[in-house]
Amino acid sequence: PARLAVLASGRGSNLQAILDAIAAGTLDARVVGVFSDKPTAAALQKVPADRRWAASPRDYPDREAFDAALGDALAASGADWIVCAGYMRILGEALVRRFDGRMVNIHPSLLPLHRGLHTHARAIEAGDAQHGASVHFVIPELDAGAVLAQARVPVLPGDDAATLAARVLAREHPLLIASLRLLASGRVREAGGQLMLDGQCLFTPLRL
Ligand code: GAR
């Protein structure tokens, strides 16, 4: 099974979807650790204590020191893949490069639209007819790495950020599982910003 390290800062519904898929036998993987910048994150409680790592950035002198500690813990976990699932802290360049091509993130927008925060409110404000979520490889530039797969939802009249977020989240879980299944199978890889699926360049994200 693929060894997954999951980074999460909050609720952990995407982590729960991963754990559920593993338990159901639909994802051949093992969560070797959950890593958080928020020691009180609900996500941490979803795995046994010996698979939790959490630290407060304010206990470190700077971003580089925090990232180095996180990176050492990730390396020690022996993870094949590092999955950012609601990890809300920016990852410094050195940390990203350390796990180059092995780190993915789920982001709640149709990238390249709406990088960063408050994506649902921004999609409504922009008058987008469609919104959704993307699974992409992590590079030093925020939310800018190659997109593996996306799920789309309509923006409906009367939506606010909360109703739209809920519609997107329901699609995030299967999107993430399907993406991880592809990664775990070894069929997908990223090199130099280019995505390969079954040895072919993937020019547009998969629609899942
Ligand atoms: C998800 O919607 C995820 O896409 C988003 O945070 C939420 C976490 O939910 N991630 C980001 O905004 C990353 N910048 P969860 O904790 O229930 O999985």
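Based on this model, can you work out whether Ala165 counts as touching a residue at least 40 places away in the same chain (Cβ under 8 Å) and either over 22 Å from Ile22 (Cβ atoms) or open to solvent by 30 Å² or more (accessible area, probe 1.4 Å) (or both)? Spell out how you get there, then give the answer.
Details: touching a residue at least 40 places away in the same chain (Cβ under 8 Å): yes; either over 22 Å from Ile22 (Cβ atoms) or open to solvent by 30 Å² or more (accessible area, probe 1.4 Å) (or both): yes.
Yes, satisfied.
Return the residues of region 91-117 that are within 15 Å of Arg167 (Cα to Cα) and either assigned to a loop (DSSP other than H, G, I, E, B) or more than 14 Å from the chain's Cα centre (by Cα) (or both); say none if nothing qualifies.
Pro108, Ser109, Leu110
Please work out which residue is least open to solvent (accessible area, probe 1.4 Å), limiting yourself to region 71-97 and to residues that are touching a Leu at 6+ places or on another chain (Cβ under 8 Å), more than 16 Å from the ligand (Cβ to nearest atom) and under 22 Å from Arg187 (Cα atoms).
Ala79
Confirm whether Asn14 is within 13 Å of the ligand (Cβ to nearest atom) and either outside any helix (DSSP H, G or I) or among the small types (Gly, Ala, Ser) (or both).
Values: within 13 Å of the ligand (Cβ to nearest atom): yes; either outside any helix (DSSP H, G or I) or among the small types (Gly, Ala, Ser) (or both): no.
For Asn14, the condition - within 13 Å of the ligand (Cβ to nearest atom) and either outside any helix (DSSP H, G or I) or among the small types (Gly, Ala, Ser) (or both) - is not met.
Among the residues of region 17-37, is any farther than 24 Å from Leu183 by Cα, within 16 Å of the ligand (Cβ to nearest atom) and modelled with pLDDT of 95 or more?
Yes, because at least one residue in region 17-37 is farther than 24 Å from Leu183 by Cα, within 16 Å of the ligand (Cβ to nearest atom) and modelled with pLDDT of 95 or more.
Quick one: would you say Arg207 is at pLDDT 95 or above and over 25 Å from Arg30 (Cβ atoms)?
Working: at pLDDT 95 or above: yes; over 25 Å from Arg30 (Cβ atoms): yes.
It is true that Arg207 is at pLDDT 95 or above and over 25 Å from Arg30 (Cβ atoms).
Tell me yes or no: at least one residue of region 134-152 is in contact (Cβ under 8 Å) with a residue 24 or more places away in the chain, more than 27 Å from Ala94 (Cα to Cα), of a type outside the set (Asp, Glu) and open to solvent by 20 Å² or more (accessible area, probe 1.4 Å).
yes
The values are calculated or read from the model by the stated rules, or taken from the named source; none is laboratory data. Predicted model, so just to flag it, every value in this text is computed and none were measured. Because the Cβ atoms are built from the backbone with ideal geometry, glycine has one as well, and the counts that use them run over all protein chains shown. All accessible areas refer to the heavy atoms of the entire protein, side chains included, with ligands and DNA or RNA removed. Shrake-Rupley method; radii C 1.70, N 1.55, O 1.52, S 1.80 Å.
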